[in-house]
Amino acid sequence: MKWWASGEGCWIRRLVGFLLLLAVFAAPAEAVVKPPAAEPTARGKGGAAASVDPYATKAAISVLRRGGTAVDAAVAAAAVLGVVEPFSSGIGGGGFMVVKTPRGGLKTFDGREFAPAAFTETSLQENGAAIDFDEAVTSGLGVGVPGTPATWELALRRFGSMPLSRALKPATRLARKGFVVDETLQAQTEDNAERFIDFPATARLYLPGGQPIQAGATLRNPDLADTMALMAKRGVDQGFYRRAVAKDIVATVRKPPVREGATRTVRPGLMKVADLRAYRALRRKAATTSYRGMRVAGMGPPSSGGTTVGESLNIIEAFGEPAADSSETLYRYLEATRLAYADRSAYLGDPAFTDVPVGCLLSQPFADARQRLIGETAAMSPVAAGECPMAEASTASESREGPSTTHLTVADRRGFVVSYTFTIEQTGGSAITVPGRGFLLNNELTDFSFDPGTPNSPAARKRPRSSMSPTIVLRDGEPVLALGSPGGSTIITTVLQILLNRYERGLSLPAALAAPRASQRNSPTTDAEPAFITSPEAAGLIARGQMFTEIEGGELGAAAAVEIRDGGRFVASAEPERRGGGSAMVVRPAKRPGR
């Protein structure tokens, strides 16, 4: 000890002090949660999960390995996606969940955002005309009351085996310790930099030093970690929809915190704390149809996904046996969706405000009548909607859904299957982060038609129409496939095309997801990926009058699916390339040949 205190030991003390100081500053970097390996396909037993991100898929599999249900795993994975995919999802948004229970039941949960009570059918207009769409997107006016936290709580209460506090632990840990930014997040940040820079709380997170966060960097969000910890402690009612968090959300919506000197017009919103207190996630009846001896179940209104996928399948089945070649299959697909989207625009809206003729739209006689309109050459869009008795069709209810959103699919060994699509609408939502809370607010109210007098016009506490299409396919009452995708109004066509690739064309599930995509939505030309336009089938389709336009960004959707096979076997499949490639995992991977 005398030597330590002597001058001779001084340099040793200084060196030790320097090393200790270095260790303190180095500790956070060491604590970052490294990304798991990402594979687009996994086969095995014990349960399966697929999503756009390996952090989320790993969280789901970890829950399944600890004995949790697929619902537990889906909530845990969804919370993680809100951390690592913050521009596509999060607690500031909403979504739809379809659940198949072990006893054969189909349950759906509507966590769609709704408009504040002060909203009217002209709230998105000014001087008798629709306001500028971009102004509505980046504003407090476009923010709907979030539904995601309420969805998680309701789903766990019904079919979970763990409390929300436990399900939120992986996401809370990831937000606090940090995760490694990937190229997709960097690109999305760059695309939104001009918006993000105008909101200080958003810029601090995603534009460090005024520049977009780079791939390979560590992103920590302690404010979001604290918000989720508060929800875990108090529950979503007291930890989100009431008290301090609710007040912060409302203050942010009503007076968006814009940086000094910004020239952007940022319209204030109409939300009040009473709107948050009034929010409820709802149980809905699934929208189902029969197809090739199977039952296809999706989300009913206010989503248009279940009805439009179902109607399209019914139209295609009206042709009889599957087509002999893929070009004919794709022609039927494009013409069926052209007609089904006309019906979607005419009839779909929030069922609390609009009498949606679900039974008519999903009936085979209605589909037969629509199929008889399909000729040897492509129809000219826009085509008219079909006639449903006792329902009034509208021809002016179009809206512009953002192409963002995310999806995850989980299945467990008990027989629970979850297909869950959720969003904050535009990539980056409203671009407004709630100061001190760490999450972006949605801009879902831009999904309304900006014009009054349509099934999808705005109204107080109304939920805007959506295209989210979480889907589960059953044979003899047992699930065989669950899938979904992001992509705005193209979600429906992505899900439908994967189903047709699998069951009409006979492709394997991974091949069905990887195949080039096109999306016809009752428009003069069909949006398509470059690989679709250059495919051998496209030439034949063009010869029959189909016209294609390359989709902006070059990609349609980012699907995630799980196939359930006999003997408790699973095939989990995610995108091999779109959106940077997804992640599929199983609880117990199948042994490789020779092992």
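The values are calculated or read from the model by the stated rules, or taken from the named source; none is laboratory data. The shown structure was predicted, so the numbers you read here are calculated from the model rather than taken from an experiment. Neighbour counts are summed over all protein chains in view; Cβ atoms, including those assigned to glycine, are modelled from backbone coordinates with ideal geometry. Areas reflect the complete protein model, heavy atoms only, side chains present, ligands, DNA and RNA absent. Shrake-Rupley method; radii C 1.70, N 1.55, O 1.52, S 1.80 Å.
Observations on the structure shown:
- Stretch gain in nm, segment Lys34-Ala590, where the contour uses 0.36 nm per residue and the Cα spacing is subtracted: 197.7 nm
- Dipole magnitude of the stretch 85-222 about its Cα centre (Cβ charges: Lys, Arg +1; Asp, Glu -1), debye to nearest 20: 1420
- Mean separation of Cα contacts under 8 Å (6+ apart) over length of the stretch 495-595, as relative contact order %: 20
- Greater than 23 Å apart at Cα, pairs in Lys177/Lys233; Lys100/Lys591; Lys100/Lys285: Lys100/Lys591
- Note on Lys45 and Ala262: the extension gain reaches 72.7 nm, defined as 0.36 nm multiplied by sequence separation minus the Cα-Cα distance.
- When Arg65, Arg463 are compared by accessible area of protein heavy atoms, the largest-first order is Arg65, Arg463, using a 1.4 Å probe.
- Ratio Rg/Rh, restricted to the stretch 371-520 and using Cα atoms, in which Rh is the Kirkwood radius: 1.01
- Stretchable slack from Glu321 to Thr549, in nm (0.36 nm times residue separation minus alpha-carbon distance): 79.1 nm
- Given charges at beta-carbon only (K, R positive; D, E negative), |dipole| of the chain in Debye: 3380
- Label assignment, Cα extents along the principal axes in Å derived from the structure, set (1) 73, 59, 48; (2) 99, 72, 45; (3) 75, 67, 50: (2)
- When the stretch 218-319 is reduced to its Cα atoms, the Kirkwood hydrodynamic radius in Å: 17.8
- FRET efficiency for Asp226 and Lys247, using Cβ-Cβ distance with R0 set to 22 Å, rounded to 0.05: 0.90
- Positive end of the dipole of the chain (Cβ unit charges, origin at the Cα centre): among Gly47, Pro301, Met468, the Cα lying farthest that way belongs to Gly47.
- Nitroxide proxy distance, nm - points 7 Å out along Cα→Cβ at Arg157 and Ser523: 4.0
- Between 0 and 90 degrees, the angle of helix 10-31 with respect to the longest Cα principal axis of the chain falls at about 10 degrees.
- In the stretch 316-357, inverting the average of 1/r over every pair of distinct C-alpha atoms gives 12.1 Å as the Kirkwood radius.
- In this calculation the C-beta distance from Arg254 to Arg283 is compared with R0 = 25 Å, giving a FRET efficiency of 0.20.
- Expected-Rg normalisation [2.2 N^0.38 Å, Cα atoms] applied to the stretch 47-127: 1.44
- Beta bridges assigned by DSSP with both partners in the chain are antiparallel in approximately 95 percent of cases.
- Nearest-0.05 FRET efficiency for Ala130 and Glu194, computed from C-beta distance (R0 22 Å): 0.45
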